[in-house]
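Remarks on the structure that follows.
Values in this text are rule-based calculations from the coordinates and carry no lab data. Owing to the predicted nature of the structure, the values given are computational and were not obtained by experimental measurement. Note that we place each Cβ from the backbone using ideal geometry, even for glycine, and neighbour counts take in every protein chain shown.
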Amino acid sequence: MSRSKLRWFYCVIFLMVPIHFLWAQESPKIKKKATLTINSGNTAQNCSNSLKNCLIQISQNLTQCLPKPGAITITNNSRIVAKNIQASSSDTNFNTFVVQNNGCPASLQPGHSCTISFFTNTSIAFLTPNVLVKGTNTTSTFFDMQALACQARLTATPTTVNLAFGGSSQNVTVTNIGNANANNVQATIASPTLGIIETNNCPSALAPNASCQFSFISDSSAGSTTATISASNASNSVPITINVSPAPATVISVPATAVIPVSDSAGVSFTVMNLTSNPAYNVTVNLPPAWTSTVSSSTCSVIPGNGTCNLTLTSNAFEAFVAQGGILVNGDNISSPPTMALAFSVSGYLVYSVQSPNMYVIQDADSSSVWSEDTTTIPGITETSTHPPDACNGATDGFCNTTQIFNFYEQMQSNAATLCYNITLDNIGPVTAGTWYLPSVCELGIFDPSIPNGSDAGCPSGFPNVVTNLYSLGFLTDLSGKYWSSTEYNNAPSDAWYQEFIGNKQSTQGANVRNGSFGSLLVRCVRIIGPA
């Protein structure tokens, strides 16, 4: 071989050796990798890192948390055996708290699948994004992991409570069967609440497997309702059905009357008697609506069978109302609730009329006197006198009548009007002469045609008077006999009108000679009390 040909041969050999060597070095890098897909089981779609569509939830390995562990299913979608598949992350929470059960074999055959399940060893909640799934010869794929804190879970027994109205309380036991403290366990009673009183004996944090109790007692109404027991971090709530049976009826008795002193925090108390062996519940006075802004009644929550209780009525303002009868004293289980009459007093004087802001009161004791010592006519004070032109509205204005009588006689003789006029000291203290007066015939009362020997003064219908607003309601039972009014009798000016109190709430009007030829009559003075 010529030297030129040898030189060419050696050159070719020299070039072939590096090329072969390079091919030998590069060939491992171009080996094919097994392709993996994963599915979280939440959708039919496989996980995609770009779509961020793969999130599994995990918890502690307890049935109270999640019904099954969070898991991923891995499928080998290549023709190459996938080896040593693992799930991993650089996240601290993942490496500290996550426990995995790797069900993948060392070699996963093409087309085959395996599962890795996960749970945590703590109750801490955390999120680990981009958990890597990869084998030694596979592509990489990712999913996100959300660790949940286990919730409390509640049970209760019994779930139906039957209460007797006003009876003993019943208990419901609540147990935390979860793996976390149940915080702020509470019972919420739905409408209608039926006045049920609930007592919560649970701690602020009820530990797992610990129990506590609620007690329920009926205090208002019969019926059925629901109490829902829950906790701020419980996975459930427990409904409790509560049935309240009505209380047996009972009968009570109260006094016929009571007098409320105005602006008196002590008020007036009276006794309620339970006439049966059944307890009476929530007994109180049903006050007229117009009174309730200033007057209040206490309540007897329970009156034992055949027992008693005191109710108190108080007034918080210097304000009175006209007395009323037929006021109910009632409770939750009262059969045929009784009624009573209520009146108001100022410094011990009963109020018979209210013409706001003035209160008209009557004396608490009798006097006796002639109407006058003569029979001289005093102008302008008969039942037909009208002002103007007359001096007074004789039938209705006792204050004006009394002033006329006092001025006419100038205290030169004894008479009923002057007796009232000269009062200068009463239960309130010193008063100016002329404060008290002899009431007119229509201020004293009314005519009752059913009572013989009476006369009708023709009083205006509905005009406030002592008979209608006090005596006929059962107050002033000490009034008895004939009481002078300050009104002269028009048909015979030598006579004057009186009001006769017969008893048994009966009263009527009449006229009598003024000068005492038939003896003295009784006197009960009245006065006006203005705002405090």
### Message
Is the C-alpha gyration tensor of the stretch 358-529 telling us rounded, prolate or oblate? Criteria: a/c under 1.5 is rounded; beyond that, a/b larger than b/c is prolate, otherwise oblate.
### Response
rounded
## Note on the structure
Expressed in angstrom and rounded, the centroid-to-centroid distance over alpha carbons for the stretch 422-483 and the stretch 179-203 is 60 Å
### Query
Which lysines have a Cα lying under 19 Å from the Cα of K33, excluding residues fewer than 8 positions away in the same chain?
K83, K134
### Task
Report the calculated FRET efficiency for E410 and N310 (r = Cβ-Cβ distance, R0 = 45 Å), to the nearest 0.05.
0.25
#### Entry: Two-site label geometry, T386 and N286: point separation in nm, points 7 Å out along Cα→Cβ
4.3 nm
### Message
Looking at the chain, identify the longest residue range that excludes and avoids all trypsin sites (Lys or Arg not before Pro) in DSSP loops having at most 14 other Cβ atoms within 10 Å.
### Response
80-504
## Note on the structure
Whole-Hz Karplus couplings 3J(HN,Hα) for the stretch 114-125, θ = phi - 60° and coefficients 6.51, -1.76, 1.60, Gly and Pro as x, run 8, 10, 10, 10, 9, 8, 10, 9, 8, 8, 6, 8
### Query
For the charge dipole of the chain, defined by +1 on Lys and Arg C-beta atoms and -1 on Asp and Glu C-beta atoms about the Cα centroid, which residue among F318, T403, P289 has the Cα displaced farthest towards the positive pole?
P289
### Query
Expressed as a fraction of 2.2 N^0.38 Å, the rule-of-thumb size for a compact globular protein of N residues, what is the C-alpha radius of gyration of the stretch 127-285?
1.79
### Query
Over the stretch 240-309, how many percent of alpha carbon pairs lie in each 5 Å bin up to the one with the longest distance?
3, 13, 21, 20, 16, 12, 8, 4, 2, 1
### the stretch 260-356: C-alpha pair distances exceeding 24 Å, %
24 percent
### Query
When Lys and Arg each count +1 and Asp and Glu each count -1, what net charge do the other residues less than 15 Å away from R524, Cβ to Cβ, add up to?
-4
### Query
Counting only Cα, what are the radius of gyration and maximum Cα-Cα distance Dmax of the stretch 36-147, in Å?
13.5, 42
### Query
Treating the beta-carbon of each Lys and Arg as +1 and of each Asp and Glu as -1, no other charges, what is the dipole magnitude of the stretch 319-470 about its Cα centre, to the nearest 20 debye?
200 debye
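Can you tell me the equivalent ellipsoid semi-axes for the chain? Use √(5λ) from the Cα gyration tensor, largest first, whole Å.
One finds semi-axes of 107, 27, 16 Å for the chain.
Can you show me the helix-derived [θ] at 222 nm for the chain, built from DSSP H runs with n ≥ 4 at -39,500 (n - 2.57) apiece and divided by the number of residues, rounded to the nearest 500. Mind showing how you got there, number by number?
Working: 6 runs with 56 residues, N = 532.
Only helices count here, giving -3000 deg cm²/dmol.
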## Note on the structure
Long-range alpha-carbon pairs in the stretch 188-273, meaning those over 18 Å apart, account in percent for 63 percent
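Sort the following peptides by mean Cβ neighbour count (other Cβ atoms within 10 Å, averaged over residues), highest first: 331-342, 89-100.
Ranking the peptides 331-342, 89-100 by packing returns 331-342, 89-100.
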### Query
Out of every Cα pair in the stretch 339-450, what percent are spaced more than 21 Å from each other?
43 percent
### Message
Using the Cα centre of the chain as the reference point, and only Cβ charges (+1 on K/R, -1 on D/E), how large is the resulting charge dipole? Debye, rounded to the nearest 20.
### Response
6940 debye
